[in-house]
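Asks: This is the structure, below, for whatever I ask next.
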Amino acid sequence: MNEEQFRQRAQEQGYGDFQAKDYVPNKDGPLHTHEFSVMLLVVGGQFTLAFEDGTTDYRPGEVCELAANVMHTERAGPTGAKVLLAKRGSGASTAAT
């Protein structure tokens, strides 16, 4: 999926507050939750969502969705990761950028 298709799909599903984010190589963030749901497109590199019971890897062009209040951490591969994300729900703005 490309960025234009991602934006259209996300908006159709009620997501907004689009943000580009870069993750540094081979670094895990802290285990946490969000008060909002997230839809994410991997633009470059490798992106991993890690949960208490396993992990899922995503590569460029792949999309993942994460429901609100799910405990997780994000991790980038050896070259880092660049993503475009959109939010839906409590704490998320619905304005598209």
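Coordinate-derived values only; no laboratory data. The structure displayed is predicted, hence computed values, not measured ones. Heads up, the Cβs are rebuilt from the backbone with ideal geometry, glycines too, and the neighbour counts pull from every protein chain shown.
Asks: Find out how many positive minus negative residues lie around Val63, taking Lys and Arg as positive, Asp and Glu as negative, among other residues whose Cβ is under 12 Å from that of Val63. Before the final figure, lay out the partial values.
Replies: On the way: positive: Arg7, Arg9, Arg59; negative: Glu3, Glu62, Glu65.
With Lys, Arg at +1 and Asp, Glu at -1, the net is 0.
Asks: So what are the ³J(HN,Hα) numbers for region 40-54, from phi and the Karplus equation (6.51, -1.76, 1.60; θ = phi - 60°), rounded to whole Hz, Gly and Pro as x?
Replies: Those phi angles translate into 9, 10, 7, 8, x, x, 10, 10, 10, 9, 10, 10, 4, 10, x Hz.
Asks: If I model a spin label at Ser90 and Glu62 as a point 7 Å from the Cα along the Cα→Cβ vector, what separation in nanometres do I get?
Replies: 3.0
Asks: Also, I was wondering about something else. Cα centroids of region 52-89 and region 1-49: how far apart, whole angstrom?
Replies: First find each Cα centre; the distance between them is then 6 Å.
Asks: If packing is taken as the average number of other Cβ atoms within 10 Å across a peptide's residues, how do 53-61, 30-38, 73-81 rank, most packed first?
Replies: Numbers: 53-61: 12.3, 30-38: 14.6, 73-81: 17.0.
Per-residue Cβ counts within 10 Å, averaged per peptide and sorted highest first, yield 73-81, 30-38, 53-61.
Asks: Going by a ≥ b ≥ c, the root eigenvalues of the Cα gyration tensor, does region 3-88 fall in the rounded group (a/c under 1.5), the prolate group (a/b larger than b/c) or the oblate group? Don't jump to the answer; show the numbers that get you there.
Replies: Details: a/c = 1.97, a/b = 1.21, b/c = 1.63.
Cα axes put region 3-88 in the oblate bin.
Asks: Here's another thing I want to ask about it. Check cross-link reach from Lys82 to the aspartates and glutamates: straight Cα distance under 17 Å, and skip same-chain residues fewer than eight apart.
Replies: Glu3, Glu4, Asp17, Asp22, Asp28, Asp57, Glu62, Glu65, Glu74
Asks: Shifting gears a bit: Please give the net charge around Asp22, taking every other residue with its beta carbon less than 14 angstrom from that of Asp22, where Lys and Arg add +1 and Asp and Glu add -1. Write out the running numbers ahead of the final one.
Replies: Values: positive: Lys21, Lys27, Arg75, Lys82; negative: Glu74.
So the environment of Asp22 carries a net charge of +3.
Asks: Which net charge results when you count Lys and Arg as +1 and Asp and Glu as -1 among the other residues whose beta-carbon is under 13 Å from that of Ser90?
Replies: Working: positive: Lys87, Arg88; negative: Asp17, Glu35.
Here the charged neighbours net out to 0.
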